[in-house]
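Notes for the one structure printed next.
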Amino acid sequence: MNRNFLVITMIFVISCQSYTPERIDLLTTPEPIHVGKSIPEAKESIPKQEIGQTKIDLPILVKWLGTNNFRVKEARVEYENAQRQSQIKTPWPNPEIEIGLLIGSELNGASERRLQPNVAIGIDIPLGNRLQAQDNVYTAQAKLAYTKLLYKYRVEYLQLRTFYFQLLLKQKQYDVQSRISKSLEKSVATSKKLIEAGGATGLDVSIMEIELQQSKNEELQLQTELLKIAADLFEIVGLDVHVLKNLEKPEIPRITNIPNVEDLHKIMLKNNPDIANLNETYEVAEKELELEIAKQSPDIRLQSSFEGDPGADTKIWGVSVEIPLPIFDRNQQAIAASKGNRSSIKNQYQNTLQSNKIELQKAYETYILAQKRFTLLKDTILNKAEENIKLTEAAVYSGNVNFLRYLEVQRTSQRIKLSSVQAEMDMYTAWLEIEKIVGMPIILFDAEQNIEDLSLEGRE
């Protein structure tokens with residue numbers, strides 16, 4: 001008996017695989033990924049009267065983001081569901097009871113015990129760590145949902161800031177265009193005076209009026225673009241665009257003392273949403289593989305029975321132990337699939353890490369070029385153009401320059417002004433792309449300094 005039991009045990013041990021965890025082989029050695037200190041709370045919806053009366057600044061937009069954004073709401077519900085599931089321990093299998101009758105036939109004599117009861121009770125007792133492994137899967141899934149919630153909130157916040165920046169920059173572009181229109185109105189009046197002095201013709205006046213109408217057309221186009229950006233901004237926080245009139249428009253923060261690309265890469269490893277989510281997804285795959293390997297260990301079935309002997313007073317009690325032997329079916333297919341899934345996620349993680357590193361380098365170099373272009377236009381070319389327009393205006397009145405030459409200089413000045421604003425927009429767009437890649441804001445508005453909902457790390 002002991003020898004047979006030993007043989008069975010050896011077959012069981014030899015035939016089963018063991019679980020060995022594999023860590024992700026990072027391309028660098030980063031600090032542990034930080035996902036935040038607290039989950040943004042689900043707040044009650046903001047009353048409409050409060051929305052209409054509130055002066056809207058960035059902290060209020062962030063508050064409404066946590067309240068109204070449907071993507072954050074969906075992520076929160078997924079986390080709450082996963083969290084509830086993870087808090088319930090995997091139970092043992094339910095016991096089974098079997099009740100029946102034994103019917104005797106061809107008994108000697110007229111027996112009153114032809115019918116006898118038959119009762120059996122069985123329960124499966126798990127071997128190994130299958131139940132704990134299942135609990136570990138649920139815990140890993142809850143942690144993944146937690147990470148997705150935090151980073152969904154982070155991604156939506158970064159998109160909110162992007163639209164906020166775009167709105168302020170587009171407003172600045174509109175203001176420049178409006179000043180150009182006013183300047184052209186003065187030029188039209190000047191050209192009419194010059195007709196009297198013989199320095200301009202009716203054709204010159206007509207050309208200036210066309211220039212003025214084109215400028216006003218550009219103003220209308222910019223107003224349309226402003227409305228579209230505002231609609232995108234308020235869609236994120238779940239509000240109508242009509243509250244745009246209440247939006248405060250602070251000074252755009254200057255981009256100064258920026259980290260170098262190496263420091264930005266370190267911040268990215270801590271805060272990039274794709275990297276963080278894949279890291280937690282890999283942990284889930286690890287726990288799922290551990291579970292499939294644990295399923296190789298069969299459950300022991302313990303069963304007790306009671307029955308009578310038809311035609312006699314004998315009562316029979318029985319106890320049995322049933323152990324499936326994993327000789328043929330050792331859950332090989334599920335284990336192979338789980339290993340493949342783990343390898344796939346590991347490969348995806350490393351590819352994402354590498355691609356984000358490349359994108360960060362590209363975005364950083366794009367920002368440096370945009371910053372140089374903006375500096376050149378703002379500090380050199382724009383100043384020179386403004387000097388030229390003043391000199392040309394004086395020359396027109398003195399009769400040393402004809403009106404067409406003045407018009408040409410004015411057009412050049414206007415193009416440079418608009419190019420300067422566009423260069424500034426390109427510079428901030430490039431920087432906001434860097435912040436999206438690293439996964440956190442670095443250049444902050446004054447109003448952002450005390451926003452606690454962000455729970456961001458890595459800020460210098």
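If the reach is capped at under 28 angstrom between alpha carbons, list the lysines near Lys186, excluding any in the same chain fewer than eight residues apart.
Lys170, Lys172, Lys216, Lys378, Lys384, Lys390, Lys417
Before anything else, pin down the relative contact order of region 66-190: Cα pairs under 8 Å, at least 6 apart, normalised by residue count, whole percent.
Relative contact order, region 66-190: 30 percent.
For Ile99 and Ile195, calculate 0.36 nm times their separation in residues minus their Cα-Cα distance, and state this gained length in nm to one decimal.
Taking Ile99 through Ile195 to full extension adds about 23.0 nm, to one decimal.
If the chain between Thr314 and Val119 were fully stretched, how many nm would it gain, using 0.36 nm times the residue separation less the Cα-Cα distance?
68.7 nm
In whole Å, what is the distance between the alpha-carbon centres of region 422-436 and region 286-358?
The distance from the Cα centre of region 422-436 to that of region 286-358 comes to 54 Å.
Using the basic label-point model (7 angstrom from Cα toward the beta carbon), what is the Glu80 to Asp175 distance in nanometres?
The modelled label-to-label distance comes out at 4.3 nm.
Tell me the trypsin sites (Lys or Arg not before Pro) within region 229-288 that lie in a loop according to DSSP and have at most 13 other beta-carbon atoms within 10 Å.
Arg254
Put one equal scatterer on each alpha carbon of region 315-395, apply the Debye formula with no solvent term, and list log10 I(q)/I(0) at q = 0.26 1/Å to two decimals.
-1.13
What number of lysine-lysine pairs in region 234-360 show an alpha-carbon separation below 25 angstrom, given a sequence spacing of 8 or more or placement on distinct chains?
For region 234-360, qualifying lysine pairs total 11.
Going by Cα centres, region 121-151 and region 246-279 are how many Å apart?
The two parts, judged by their Cα centres, are 35 Å apart.
Work out the FRET efficiency for Gln223 and Glu387 from their Cβ-Cβ distance, taking R0 = 41 Å, and round it to the nearest 0.05.
My answer for the efficiency is 0.85.
How long is the gain from Lys89 to Val321 if the chain were fully straight, where each residue apart is worth 0.36 nm and the alpha carbon distance is subtracted?
Contour length minus the Cα-Cα distance gives 80.9 nm.
With a Förster radius of 41 Å, plug the Cβ-Cβ distance of Ala231 and Ala337 into 1/(1 + (r/R0)^6) and report the FRET value to the nearest 0.05.
E(calc), rounded to 0.05, equals 0.35.
Just so you know, all these numbers are worked out from the coordinates, no wet-lab data involved. Treat the numbers as computed from the prediction; the structure is a model and nothing was measured. We place every Cβ from the backbone using ideal geometry, glycine too, and count neighbours over all the protein chains shown.
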